Each structure stands twice: as C-alpha cells, then as structure tokens.
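Asks: Submitted below is the structure of interest, expressed as structure tokens.
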Amino acid sequence: MTGVKTLRDRAARLPEGDVVAILLEQHARIQELFGDVKTARGEHKKQAFDELRALLAVHETGEEMVVRPVARNTVGKGETDARNREEAEANRVLGELEKMDVASEGFDARLRELERAVLSHAEHEEREEFPALREGRDEAQLRHMGTMLRAAERIAPTHPHPGAAGNPVAQWSVGPLASLVDRAKDAIKEASSRS
C-alpha cells in the first residue's frame, strides 16, 4: 500500500491540474478518511464517514466518466473493465454501510473490508492505469483531463448508486440527475442538523 505522504509527493511532482496528480491527492485523502472513520466515535465518526462516502462516490464517478474511456485506449479493455467491476462492488458495499448506524455491530468489520478493497483497487490504478495514461497522453491532454475530471465531479452523485456504478454510460445518463437529488438531500440534512 502506498502511503499518504508518498502519494502526495508523487502528486506534487506532476504539473498542476494533471489528472493523475488530482487522483493521487484524492487517493491520499481517501486513506486519511478511512483512518479517521476507524478511530473516531459518535458524531465525528458519522461526519468522517459521510465525507468518505461522498468522496468515494464522486471520485469513482469521475474516474468512470473521464479516466476509463481514455485508459481503455492506453492500458486496455481488460484492465479498465476490472477497475469498473471493482468500483461497482465498492459502491454496493458503500451503499450497505450508508444504511448502517456507524456505532452498530458489524459496521467496523464491513468498513475494513471496504477499505481493503478500495486500497487494492487504488494500487492497481496507480501501478497499471495511471502510468499508461501518462505515457499515452501529453501534458496538455492530461491537464485537459484534469479539468474534465473536476467538472464531472461537480455534477457527480454524492451517495452510492449501484445501478450506475462501474458503467460509464450509466454515469453519463443517470449521474447528473442522481447528483441533483443527492445534493438536495445533503443540503436538507445539513440545514436540519444546524437547527
């Protein structure tokens, strides 16, 4: 497993806005959030999980919409299909966790399973997919992909949607509508917690 500091160092050596740099930074943040959720208690644990859940949902959607179609040409269909299947499974488990109370019996064990799967998935991306992207595209193209990734993430759902996960076509068709619903729910939940 690549450590948080190593991921951030690798990202810092890449041009600003480079799609791989953005994804490496997100991988580092995902690792931090898993650690936070595992050690936190009470409301802090719920807040950390909500942040992790939203980041994973947005991150995976962005990868499926922007990275996978390009990676298919650089690393191959078998590799991208494997990553999409892993993301679909992670999305399913994330949906199960979202329905659980973070203090309930079984939440931590299921979270550890998700963490192992997500970190393994990230390692495959970092070892196979990202180097192929960097070799197959020039700096301007990688920065353009970074811009596209950020745009896709702004319209991505913030909750798991297993029906669309792992399927870039479904992400493009269902994702923006699901995002509107998710972001409305998030805003209402936030407003109600403040009152």
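Asks: State the number of residues belonging to segment 102-119 that are in contact (Cβ under 8 Å) with a residue 12 or more places away in the chain and either among the charged types (D, E, K, R) or over 18 Å from residue 51 (Cβ atoms) (or both).
Replies: 6
Asks: Now for a separate question. Every residue in segment 57-108 that is over 26 Å from residue 20 (Cα atoms) and part of a helix (DSSP H, G or I), please.
Replies: Answer for segment 57-108, where residues must be over 26 Å from residue 20 (Cα atoms) and part of a helix (DSSP H, G or I): 95, 96, 97, 98, 99, 107, 108.
Asks: Would you check which residues across segment 109-144 are surrounded by fewer than 16 Cβ atoms within 10 Å (Cβ to Cβ), of a type in the set (D, E, K, R) and assigned to a helix (DSSP H, G or I) and list them?
Replies: The answer is 110, 112, 113, 116, 123, 127, 135, 139.
Asks: Could you tell me which residue of segment 11-35 is farthest from residue 152 (Cα to Cα), considering only residues that are without any contact (Cβ under 8 Å) to a residue 24 or more places away in the chain and in a helix (DSSP H, G or I)?
Replies: 35
Asks: Please work out which residue is farthest from the chain's Cα centre (by Cα), limiting yourself to segment 61-76 and to residues that are at pLDDT 90 or above and charged (D, E, K, R).
Replies: Only one residue fits best here, namely 72.
Asks: Then there is this: Got a sec? Which of 56, 24 is out of contact with any Phe, Trp or Tyr (no Cβ under 7 Å at 6 or more places or on another chain), within 19 Å of residue 133 (Cβ to Cβ) and surrounded by 20 or more Cβ atoms within 10 Å (Cβ to Cβ)?
Replies: 24
The values are calculated or read from the model by the stated rules, or taken from the named source; none is laboratory data. Note that the coordinates shown come from a computational prediction; the quantities given were computed from them, not determined experimentally. Cβ sites come from the backbone with ideal geometry, for glycine too, and all protein chains shown count toward neighbours.
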